[in-house]
Structure formats: structure tokens, C-alpha cells
Number of protein chains: 4
Amino acid sequence: MQYRRLGRAGLPLSVLSFGAWATFGKSVGRSLARDMLALAWDRGVNFFDNAETYGNGVAESLMGDVLADLRFPRDSWCVSSKVFFGAREHPKPTQRGLSRKHVIEACHQALQRLRVDYLDLYFCHRPDPDTPVEETVAAMDLLVRQGKVLYWGTSEWPAPAIVEAHRVAKENHLAAPSMEQPEYNLLHRERVEVEYAPLYRDYGMGTTIWSPLASGLLSGKYDDGVPADSRLAQPDYAWLQDRVLGDGGERVAKVRRLRPLADELGCSTAQLAIAWCAANPHVSTVMLGASRLEQLEHNLGALEVLPKLDEATRRRVAQAVA
Amino acid sequence: MQYRRLGRAGLPLSVLSFGAWATFGKSVGRSLARDMLALAWDRGVNFFDNAETYGNGVAESLMGDVLADLRFPRDSWCVSSKVFFGAREHPKPTQRGLSRKHVIEACHQALQRLRVDYLDLYFCHRPDPDTPVEETVAAMDLLVRQGKVLYWGTSEWPAPAIVEAHRVAKENHLAAPSMEQPEYNLLHRERVEVEYAPLYRDYGMGTTIWSPLASGLLSGKYDDGVPADSRLAQPDYAWLQDRVLGDGGERVAKVRRLRPLADELGCSTAQLAIAWCAANPHVSTVMLGASRLEQLEHNLGALEVLPKLDEATRRRVAQAVA
Amino acid sequence: MQYRRLGRAGLPLSVLSFGAWATFGKSVGRSLARDMLALAWDRGVNFFDNAETYGNGVAESLMGDVLADLRFPRDSWCVSSKVFFGAREHPKPTQRGLSRKHVIEACHQALQRLRVDYLDLYFCHRPDPDTPVEETVAAMDLLVRQGKVLYWGTSEWPAPAIVEAHRVAKENHLAAPSMEQPEYNLLHRERVEVEYAPLYRDYGMGTTIWSPLASGLLSGKYDDGVPADSRLAQPDYAWLQDRVLGDGGERVAKVRRLRPLADELGCSTAQLAIAWCAANPHVSTVMLGASRLEQLEHNLGALEVLPKLDEATRRRVAQAVA
Amino acid sequence: MQYRRLGRAGLPLSVLSFGAWATFGKSVGRSLARDMLALAWDRGVNFFDNAETYGNGVAESLMGDVLADLRFPRDSWCVSSKVFFGAREHPKPTQRGLSRKHVIEACHQALQRLRVDYLDLYFCHRPDPDTPVEETVAAMDLLVRQGKVLYWGTSEWPAPAIVEAHRVAKENHLAAPSMEQPEYNLLHRERVEVEYAPLYRDYGMGTTIWSPLASGLLSGKYDDGVPADSRLAQPDYAWLQDRVLGDGGERVAKVRRLRPLADELGCSTAQLAIAWCAANPHVSTVMLGASRLEQLEHNLGALEVLPKLDEATRRRVAQAVA
């Protein structure tokens, strides 16, 4: 495994990591979850991502149980949670958002579910227009000082909101955000590559990116239509279908053009797409989700593709789907 | 229920809330208290107000017992306490005021009585001329950092004292006050509408207002004299009678002029008076006290009047009692 | 009892208070200690003074046992400790002074001996030339933030050292000292009246003064020589004799001149001398020590003399011993 | 024993102290460790040095067991740990370095192994180029505020990195480093005497120096070749041999020139070399390691040589090995 610092912060994360989103507590039960974390850890993965809202808390409880069961030394891995959407289907007004109350209560609840004394990473899952950023930054600082959070960050915040959080932190001697968790893949590049560019330079911001396969599209598994057992075919994710495949399937067409390049590099399009993300030096870690063990194993294989992705090849890959 | 942020702070409070003042531990015992909190919560009320001095601690103990009993999720409601008057009939000198000692000890005692780990809101019940505001602000900041208080504020402080508290907080990087708890109703408007006006703009101050019915006067229940079973008829509250009814009953006369407007809107004068308060956007929440369950239910009905109170109607109501 | 704020701080202390120095764990055992604290509290005394070095910790253990036994409500009284000399006859180098290590360890030990969760007042018993004042102020601030100390101060520090502590505190946003514990009596006035004068004005410094009777001299009990059962006759306090009585007894001669004034006011010279200290508005509290219960009771009688001490009378008293 | 403040800090350390490096958990087992600490403490040593990496945690566990066993009062001695290299042969990426995660986790682990509630001294064992100094300073400050560390410092940091740590601390009102732990002996003088010179003046930096005998070389024990039972003869320390003896043994030759001076002062070359280090006023304490009890006893004898080392003699000693 390769390890990278979380931006300018001192924390080394495995360049490929594991996310519980959309799988834990859904298609992935306890036994499979255990096998997945064991496999990932065995391959050097040291970051397990989660959020209060994944399965309304079930994904965190499941991960907490499995981590307790596996007994990896606590100082050898990192776990995250995210606060914003709440951990209930119909959250009460105080059970969501980034008020001091919810940021603190959600942290305590995540610590309980994950069965840890502190979160290594804690994210504001979305910006909250109804809470002043001063209040949220102060709440995060409080958790850091109490030893309940090591690094805090944002997820899918527009660049100006992150800049504002840094200004508030600096002005009040509070802990500043260390990382962002944005979507990033061959078909969704703007934010990570352009919008956030000044933030890497000015604040040393790290990124823990999600959806490297664009909800599976870049694995090529929709090249010949949506398989019945895939996530997109599940009623819960119907809303994703258009977004993933593109109107008229023009996104699918792009993906088909990745095949020859993948063949040339001796890997699958999924591995190529993942390695392509990891080859961006501003990406601290690429989070992999999986609903089957072989899928996780396969995607971890992207690590071997990474050394082959020199700048020129990386450009050719991007042009193929442009 | 409608929810509003506590001024510029991120905390959403129900626009109608519940206060224990003058009832809990007096006319309201455990069984009725339980029914009232259950009813309020069922209607969406998420803020329960209290103070060390209400029934000398009995109101808090009662509320704590009932909340523990009802088992609403802790993150779905807010509870407050207030410090200043002490929780004893004859407090010793150190058992009252806003010294660091009393602010901290009163907080610990309220946490025990209310059976919670932290107060969502903690008020300085009055200004303390014998304690420098620096000392009180620092004590509140300490409680916030220790996780024992989420938001702190003032109650019935003159505007300049609140401005001073903000200055001290800003200068020393301490937690600033978020809210005020003033009296506000159709017959008592000056402080909330004029004196505090710059504070909403400059500090985003929220308000949790008390006495929307002017001690019951605006419900019209004294229109035909003081009923024997009303609070004003109780010996403990004799001192209130003149203040409430006005010398020569001129305040009662004003209230009688509300009836036609209430009839027009299809509600009681009580509901009209409550809704009128809630229609002020600088009011975060209107606290309702009640000594009978039906009274609480009736007053919560003000919520349906609220949408009918456009600016013009609100002005007509105010003019009726001017 | 009369109560005064501790300088500009919000803490109200009884103008007469109780000190354990030189008696607790020496001539005063558990039963008498209990009677003394009970009497004092009964008369409205709310401050009990102590130090790690009094009886090498025994005075604190004794007071802690008695306070636990008497069960006065914790919020109705204040207790102090002082750090510097250590709590052993031959302290190791790290067991004394004002290093961060000793300030923190001595606090923890005092909390255990006194059986409380926090000290209301914590004094630096002397300045420590070998420790930067920055280190001591930061250690005190840390204890305040951890909730283990409410107010910290100094004892017998020269004015410039106190000024320096305030400068350090202000510059680093740390808790500043609130009070001094100096010797003060009719024969020892310079420091409190002249040297500290700017500190009352600039920092609102309070004072908890000791030795109002100049080690008993002002009670007149040495007017006819040193009685065999008095403290000065004990071998442990032989070193005090010259200092107390004056070379050639000239201090005794001065004291004899107080008698006529005391007679005029209908009190003892002890009561007059105590009341004279308390009449200084910069004195927050006059600490009384006693080895017999009647002595304590008698000295508390100074309270009745206090109202008779107008400015003119106070000046006449001072001139008598000048 | 002589005691010196830790630079400008208020902590008094014995001028000779005890280090566990390279012995505890290796040649020194529990029984000998107990005898050594007992002897050292008996002679007035009050500082016991350790690190997470010494014997991969075994040295700390051993010292913790022995200290618990010996029951010296906790406030009479100081213990240290150091963070950087990890406590495992093959540390995972997050198990070493100066990230906030490792600094905090290593502290918690050292507290457990050493069986104490706080470390008196906590060192950054080396600079970490992959972690911003801001992050490390903030993590140390957090541990100080939580009461888990009293004084923090560095070990073998270049002067500019220490200056930078002070700048960060001052700018953010964080606890600044108090001490350095550098190598220092007659053959390794540059860093302590020249490079660090401005740091004593500007920051009052203290030093806890290691290797006063240059890995035993200055004891003269290699004057006639490497004895079979010495550390340098052990396979684990083969890498040290050239560094210690010098290419072609020219360092051994220098050491032989110390003999006449030692004879003159009536001591061994080891005692002379140790006393020479201690005579430097910028050295707070000279740490002695030992694998045999007699060796420790012998080296503690350096204390008697110290008063004989006036400036002129100290210069002659240095010239002998120049």
C-alpha cells in the first residue's frame, strides 16, 4: 500500500481506503462487513469512512461492532463520521444541521456507535446555511480540545465556505479544517481540480474522495445496460439512474472508450478509473465502496496500476472520456 | 409546529415553547406536569424553560423527573436553566448572583435536578451589579468549553449590559451570549421592539420571550374581575395584581378592545395575543406557561392564528390596545 | 455578619473569616475544630482559610474531615489552600515552589485533604524567584479552566510582582489573580495601605488579611508579660517573640495605649484592633485564628464594634499606637 | 545532589539523572532495574528518562512497574517519554511521527506503560518533516491543558526548528517547548555549545543531555580494545562501533589523554567526563545510563568531581581531547 499525508496535515492515510456508504447495513451484513474490513486492513488500508446518516446510524453500528471484533490496534487505523443529515428517517429540527447542539450530539452518538473514544476524522457533511460558520468551527474546536476529534473537515462545501471557515479559525485561534470529502472521478473533475486548487496551496487541504467509479458507471458494468442485481436497479437508488448513465446514455458511451486503454495497461476499466483518481497528488485517499468481497479485492488492484500512470497516460485517459 | 433559529445561532426552537415558571411545583404536580410535557412535545414543542429559582429548585426537579420518565430522545429537545436568584428562600450570599462561584455551582445543581449532562440554554436571570461582566462571561465560557452548556444568554438585561458582554467576549475570545429572555406582550413592547433593536442586527441576538399574556390579563380572564381560582387571587401573587390590571383597571379596559379582532380571526384573545408576539420575527420562541392542560392546549392553538397575522392585521391589533 | 466582595470580583466573603494557621493540628484537635467551624458558620462566617504547609497538611486534613462532618451546603462557604512551602518538613526540590508541577500537584493534594472538588481560593503563598511568573500564571489558569480552582491569588507578594502577573495574564488571555493575603494590623500597615494602593484601583484586588492582632500582641495579652500557656511561650514559636513584642518591648508599650479607646467603645483591645482592620474598605475579610472557642467567640464580637468606627475614631486608634 | 532548574522553567531536576535507553528490557531486567532506581533515588536523582521506542515500550513498562513498586511519592520525581519512532519493530504509518494522532496516542500509551496520570516531560524525539510544526505544537498544548503533560520539549531538533516551534506557540497562545534532549559530551560539543546558544538566552531552554560518555568511550573502557561483554560487542549495536571508536580508533587515542587529568583530580575518566558535562551551566541534567549497578554508583560519583571543575580546569580537559 502507498500512504499519503492528509494534505499538509501529518496524518498518513492509505491511498486507497474503505467507505461504508450505500452498502453497510443494506446489502452488506455483519459477516461480509467483517470480511471486507479484514481484507482491506490486510492490504494496508488504514481509513474507514462513515457518516451518521449512512443507514441512519446502522452503518456506524455495524462498523463499530466489526472493528471491536477484529481488534486491530486502535493506533493503526482511522475512522470517520459525518454530521449534517441526522441519523433518522425523519429527524427533528435539532437532530440535523451544523448547530453546536447537533455537531456535539452527533459526535457523541457516533463515538458510541463506532465504539471508539475519538473520531480520527469528523466531517461537516454539507454546508448549513442556517448556522453561522463561527458556531460550527467553534463546536469542532471544542471537540478537538476535549480529545473527541483529531481532524475535522468538510464534505461538498463550496470553496468560499471553506475559506470562510479558515478565516474564522485563524481569527479566533480555533482548530481549522484539514480536509474535504468531495466527489471525484473521470466524469466529475471541476470541483477538485479547479474550484479547490487555491485551497491546496493556501491551507494544505487534504481530500478523501468518494465515488471514484461514478456510482459504478466507470467500472463499465452498465456498458451493456443496467444489470438486475446492481445498485442502480434497486428501487432506493432509481433517482440515481439518469444522473449516473446520462440522458440518452451518453455517459455510458464515454466509458466504453476507456476499454482499449485499460486493455493496454493490463487492467480493468474500474482499476484504471480508480488509479486515475489516485494519481492526482491533491487526492489524499480514494475511498472504495463495495457490495461484494471480490469487487473490493478487484478494486484494490488499482494500486498496481498506479505506478504506470505517468502524466501523459493520465492525460490520454482523461481525453478518452472528455 | 413552526421552528425558528435562535437569532443568528444555528439552534432551531419551536416558535411556541413551554415554561415552568409559577406553575411547576406549585399548582402543577407530577402527573399534570407529565401530561403537559407530553402534550407539548406531541405538538412539536422542543424547548422547555426553567430556572434555579422557580419553586426554589422544585420546578427543575419536577421537570427532570418527568423528562427522564418520558424518554424523548435527548437530541430532540432543549432545556434551560437560569442563574441569579438562588434556589433557596433565604440564599446565603454565595448562593446567588453572577459570581464565578455561583454561576458554576448553580449550573452543576441544575444539571443534577434536571437530570441532564448539559443545559441547552443557560441564562443570567438578571444583571448583577456586584460582579464584573468579565467574570460572568468567563464563567459561562468555561461551562461551554467543559460541555456543560451549549448556548448562554441573559434575561431582562438592559441593552448596554448585553453590548458590554459581547465586547468582553470578543476581546478575550470567549463564548458570547446568544439570546435574551425578556418579557414581551401587547402591553409591554418597548424593550423588545426598540431597546433591543440594534442587538438583533449587530449580534444576531435571539429572544425567548415570557409573559405573552401579561400574566393572563391578555387572555381576557380578568375582563370581569379576578376569578377566585386564578393566580392573581393567590396570596403569593398579590403583589402582581396592580401591575397586571393597571391602576384603576385601565389595562383591563384595553384588553376588552381585543375581543372584536379575535372574533374576526376566529380565535380567542389569548390565542390572538400569543400569535401577535410570535409574528414578530425577532422573537425566536414564545414561552407558554399553564396551570391546566386545556389551557396549554388552547394556547398552542395560537399556531393556527399565526399565518393570518399579516403586517396590517398585526398593526391593527397593536393599535387596539395602544 | 457583613459581607464584602473580594475586591472587584463577584465573590461575597464574610468580613470576618476563619484561618487554620498555627492552631489546627497543633493545639486544636478534631473536636475543638468542629466546634469552632460550627460556631463561625453559625455567626455567618463563610470563608475558611488553609494552606498545604499548615501542620504539613494536617490542618487541611482536619478541616476537610470537619467540613465533611458538618455538612454545610458546599455552595454556602469558601475554602482556600496555598502553595509554595510544601506539605512536608523536608520537602524534596519538586515538592515546593511555584513550578507548574508543584502548583498542580499541591492543588490535587489539597483537594484530597480538604475533601472538596474545587478550591474556592488558591494562593501562591510566596513569590518564587526561581520560576517565571508566566509558568505560574499559566498553571493557575489551567486549574481554573479544569474547574479545580475558582479564584487564585497571591500571598505576601511585592506589588511589582503582582503587576507582572496581571500583565502576563492579560497578554495571554489567562485568568488573572483576584486577591492577596497580606499581614495587616495596627502595627503593620505600610504594604496594605501604601504599597498595594494602586492595585485596588487598577485591578480591583481583594485582600484576605492575616494576623489582625499581630500574633496576639494587640489583644493586650502580653501587656503584663508572656503567659506560660500562650503561643509565644511554645518552643516552636520562640523565633516570633522578639518580632511580636519588639526589641525592649516597645511594641507592648504601644498596645497598652489602646486600652482607654477600647474602654470608651465598650469593647476589648482585641475587638478594637480587629474592627479597625475591617474598617479599611480595601480589606475584603479579616481572618481570625483561635486556639480556644471562647477566644473565637470573643473576637467575632468585633463585628459589633465595626459600625462605631467612623473615620475620625479610626484615625484616633491608629495614632494611639503610632 | 545538586538541583538545577530546567532552563528558565521552574522545575528543579537533579544535575545527574537516570536514563533507560539501551539497557532497560535488554541487559537490565526487573530486579536490577529496581535496584538501580532505588539507588539513584537514594542519591537524590529525581528524573527518570524514557521513550516509547526504548525496547519498543518494554523499557517504559519495566520502569512503570518498578516505580509503582518502589512507591516514591509521585511529587518527588519526574518521568519522561518521547514520541516519534513508535513502540513497535515495524510501526504502521500512523504509529510513528509527530502527527496529532500519534502524539496523542503515544502519550496515552506511555501513561499506561509508566502507570502515571501525567508525564512530567514529553519530548518530540526527532523533527518530523512530514508534519507541520503547528500541528505538533497544538497537540502538545492540548495534552498540557488536559493535564497529561507538564513540560514538553524536543530531542535532537536543529535550532531553527525549535525557533519555529516557539514562534508558532507565541502566535497562537500555545504552550511552548521548555527543553531539548541533545547528545553532549567531550567529543560532541558543537550543537549544545554553539548551535543552541541563542536558545538559552532567547527562550530559557533547558537541556537533558544524553551520552555524556559517548557510548562508553569516555569511560576509557575501549582504551585497550572492545571487551567481549560490552554493549559495542553486542550484534545489535555493531553499527555504533565505528561511530564510537572513530575511523582507525583516533577517538580512542584522544580519550587516553584524559587519564592524567582524571588522576590529578582523583577520579576516573568516566567521572571526569560526566562532571565536565554537568559543569556547563546550560546543561540542566546529565542523564546516566548503566547496565550494572556498580557502574551507576561509580558514575554518580561524578558529583564529587563537579566542585573541582573550575573554568580553567574545564578548559584543560576539553583541550586534552581536542
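The values are calculated or read from the model by the stated rules, or taken from the named source; none is laboratory data. A quick note: this is a predicted structure, and the numbers were derived from the prediction, not measured. Cβ atoms come from the backbone with ideal geometry, glycine included; neighbour counts cover every protein chain shown.
Structure values in brief
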{"item": "C:Gly57 vs. criteria part of a loop (DSSP other than H, G, I, E, B), within 14 Å of another protein chain (Cβ to nearest Cβ) and touching a residue at least 24 places away in the same chain (Cβ under 8 Å)", "result": "no"}
{"item": "The stretch C:211-231, subset at positive phi and out of contact with any Asp or Glu (no Cβ under 8 Å at 6 or more places or on another chain), residue surrounded by the fewest Cβ atoms within 10 Å (Cβ to Cβ)", "result": "C:Gly225"}
{"item": "Test: C:Lys148 is surrounded by 21 or more Cβ atoms within 10 Å (Cβ to Cβ) and either within 14 Å of chain D (Cβ to nearest Cβ) or closer than 23 Å to B:Ile104 by Cβ (or both)", "result": "no"}
{"item": "The stretch D:178-196, subset more than 30 Å from A:Leu174 (Cβ to Cβ) and without any contact (Cβ under 8 Å) to a residue 60 or more places away in the chain, residue surrounded by the most Cβ atoms within 10 Å (Cβ to Cβ)", "result": "D:Pro182"}
{"item": "Test: residue in the stretch A:10-17 that is in contact with a strand residue (DSSP E or B) (Cβ under 7 Å, 6 or more places away or on another chain), surrounded by 19 or more Cβ atoms within 10 Å (Cβ to Cβ), closer than 30 Å to B:Leu13 by Cβ and β-branched (Val, Ile, Thr)", "result": "no"}
{"item": "Qualifying residue in the stretch D:272-288 (condition: surrounded by fewer than 17 Cβ atoms within 10 Å (Cβ to Cβ), touching a Lys or Arg at 6+ places or on another chain (Cβ under 9 Å) and over 29 Å from D:Gly206 (Cβ atoms))", "result": "no"}
{"item": "Which numbered condition D:Leu261 misses (of (1) within 22 Å of the chain's Cα centre (by Cα); (2) assigned to a helix (DSSP H, G or I); (3) touching a residue at least 40 places away in the same chain (Cβ under 8 Å))", "result": "(1)"}
{"item": "Any hit, the stretch A:101-119, residues being crowded, with 22+ Cβ neighbours inside 10 Å, away from chain B (no Cβ under 14 Å) and of a type outside the set (Ser, Thr, Tyr)", "result": "yes"}
{"item": "Number of positions in the stretch D:69-94 that are assigned to a helix (DSSP H, G or I), without any contact (Cβ under 8 Å) to a residue 24 or more places away in the chain and surrounded by fewer than 23 Cβ atoms within 10 Å (Cβ to Cβ)", "result": "2"}
{"item": "Lone unmet requirement of (1) over 22 Å from the mean Cα position of the chain (by Cα); (2) more than 30 Å from C:Met36 (Cα to Cα); (3) assigned to a helix (DSSP H, G or I) for C:Pro160", "result": "(1)"}
{"item": "Number of the condition not met by C:Ala51 [criteria: (1) more than 26 Å from C:Asn280 (Cβ to Cβ); (2) buried (at least 24 other Cβ atoms within 10 Å of the Cβ); (3) in contact with a His (Cβ under 9 Å, 6 or more places away or on another chain)]", "result": "(1)"}
{"item": "Enumeration of residues in the stretch D:264-307 that are assigned to a helix (DSSP H, G or I), free of Cβ contacts under 8 Å to residues at least 40 places away in the same chain and aliphatic (A, V, I, L, M)", "result": "D:Ala275"}
{"item": "Pair list, Cβ under 7 Å, 6 or more apart: the stretch A:37-52 residue on the phi > 0 side of the Ramachandran plot, other residue buried (at least 24 other Cβ atoms within 10 Å of the Cβ) and at pLDDT 95 or above", "result": "A:Gly44/A:Ser14"}
{"item": "Of all residues making up the stretch D:60-79, the number that are among the basic types (Lys, Arg) and away from chain C (no Cβ under 14 Å)", "result": "1"}
{"item": "The listed residue being in contact with a Pro (Cβ under 8 Å, 6 or more places away or on another chain) and facing chain B (nearest Cβ under 7 Å), out of A:Thr94, A:Thr131", "result": "A:Thr94"}
{"item": "Strands (runs of 3 or more DSSP E) lying entirely in the stretch B:1-50 (those with 2 or more residues that are away from chain A (no Cβ under 14 Å) and at pLDDT 95 or above)", "result": "B:16-19"}
{"item": "Selection within the stretch C:263-282 - aliphatic (A, V, I, L, M) and over 11 Å from C:Ser219 (Cα atoms)", "result": "C:Leu265, C:Ala275, C:Ala278, C:Ala279"}
{"item": "Looking only at the stretch C:151-177, and only at residues there that are more than 12 Å from chain D (Cβ to nearest Cβ) and of a type in the set (S, T, N, Q), the one that is surrounded by the most Cβ atoms within 10 Å (Cβ to Cβ)", "result": "C:Thr154"}
{"item": "Count - residues of the stretch B:175-215 that are part of a helix (DSSP H, G or I), closer than 30 Å to B:Gly246 by Cα and in contact with a Gly (Cβ under 8 Å, 6 or more places away or on another chain)", "result": "0"}
{"item": "Meets criteria (part of a loop (DSSP other than H, G, I, E, B) and not aliphatic (A, V, I, L, M)) for B:Lys254", "result": "no"}
{"item": "Residue match in the stretch B:287-310 (condition: more than 30 Å from B:Leu32 (Cα to Cα) and over 23 Å from the mean Cα position of the chain (by Cα))", "result": "yes"}
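Results for (1) in a loop (DSSP other than H, G, I, E, B); (2) without any contact (Cβ under 8 Å) to a residue 24 or more places away in the chain; (3) touching a Ser or Thr at 6+ places or on another chain (Cβ under 8 Å), shown as yes or no for each residue.
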{"site": "C:Asp117", "(1), (2), (3)": "yes, no, no"}
{"site": "C:Leu121", "(1), (2), (3)": "no, no, yes"}
{"site": "C:Arg126", "(1), (2), (3)": "yes, no, yes"}
{"site": "C:Leu142", "(1), (2), (3)": "no, no, no"}
